[in-house]
Amino acid sequence: MRFGFHLFMVDPVEFPDIARTADECGWDSIQVADAPFFPEVISVPYPYTPDGTRFWPLDTPVLDPWVAITAMAVVTKRIRFLPSVLRLAVRQPLLEAKSLCSVAAISNDRVALGVGLAWMPEEFKWLKQDKKTRGARQDEAIQIIRLLMKGGMVEFHGKYYDFDRLTMAPVPKKCIPIYVGGTTTPALRRAARYGDGWVSVIHSMEEVEGLVAELNGFRREFGRENEPFDIMMHCPDAETVDDIRRLEDMGVTDLQITPWSERILAEMGVGAIMQQQPSLAVKQDAIKRYADDVIAKFVG
């Protein structure tokens with residue numbers, strides 16, 4: 001089992017110090033948010049809270065994920081970083097591939113790519129993208145980014161994206177994993193077909209076995225059941241080392257923790273967890289304590 005945490009709602013000024021602390025203590029990854037903007041009014045409910053309201057203030061600072069990752073990569077040595085998730089359906093894949101490859105070069109390939117479908121109609125409208133084709137366009141975008149990371153002259157001729165032979169440099173020295181997000185059946189199929197793993201939000205332990213079984217069924221369908229595949233999720237009711245070992249036995253490879261939050265039941269949602277923002281010193285102490293109490297038991 002590997003361990004990581006998300007920095008959404010954390011003051012960006014704290015990012016370098018938090019990253020250094022986690023890097024020194026044996027954490028595996030840090031996730032950062034992607035949110036180009038927050039509309040004052042949205043035309044649909046937020047899909048991840050019971051009442052459809054957003055759980056964060058609209059002036060919450062959210063750095064561009066590639067800027068945030070670069071700032072932390074240059075002050076660390078071993079920890080990985082990923083956007084969770086990059087709203088690829090409202091972004092141009094050639095430009096995102098360039099950003100990913102650039103950050104990989106700066107970080108010595110200590111980066112992964114988490115991708116997902118943007119959900120706000122306003123994002124698609126104002127960024128001039130078709131919301132109806134978002135799934136199919138993301139499928140092509142994943143293929144394009146994977147192709148470009150191999151280096152050399154490449155071309156792509158799809159339904160939504162089309163370009164003749166071109167090359168991009170630098171490219172990663174090793175394979176950069178692409179994790180696909182989402183909890184719907186199409187999202188799970190997309191992860192199984194195109195992803196090196198699946199990245200999700202909050203789940204209870206009783207949900208995990210069924211989700212992993214569904215993912216594995218799709219992987220068999222696409223003939224990928226023998227390839228490496230990571231499963232990354234937040235499971236707040238996994239409170240003990242034995243609980244975490246159960247998740248590991250079920251196939252979870254990466255557990256996302258908010259080490260500085262008080263214990264909160266899963267049904268209260270990820271928003272209630274992320275809203276707990278103590279001082280930087282308290283965060284750093286919690287990161288060290290969790291590493292000593294839990295992560296150390298999974299090393300070696």
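The values are calculated or read from the model by the stated rules, or taken from the named source; none is laboratory data. All of these numbers come straight from a predicted model, not from anything done at the bench. Every residue, glycine among them, receives a Cβ derived from its backbone with ideal geometry; neighbour counts consider all protein chains shown.
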So, first residue more than 22 Å from S43 (Cα to Cα) in the range 54-75, second residue aromatic (F, W, Y), Cβ within less than 7 Å, six or more apart or across chains; the pairs are A68/F15; I69/F81; A71/F15; M72/F15; M72/F81; A73/F81
If you take the residues of the range 38-80 that are of a type in the set (S, T, N, Q) and not in a helix (DSSP H, G or I), which of them is farthest from R110 (Cα to Cα)?
S43
Would you point out the residue of the range 1-54, among those that are closer than 15 Å to F81 by Cα and β-branched (V, I, T), that is farthest from the chain's Cα centre (by Cα)?
T21
Subset of the range 182-217 that is in a strand (DSSP E or B) and either of a type in the set (F, W, Y) or in contact with a Ser or Thr (Cβ under 9 Å, 6 or more places away or on another chain) (or both) - its residue that is modelled with the lowest pLDDT
V201
Test: Y179 is touching a Phe, Trp or Tyr at 6+ places or on another chain (Cβ under 8 Å) and at pLDDT 95 or above:
yes
Among residues belonging to the range 173-214 that are of a type in the set (D, E) and more than 21 Å from I30 (Cβ to Cβ), point out the one that is surrounded by the fewest Cβ atoms within 10 Å (Cβ to Cβ).
E206
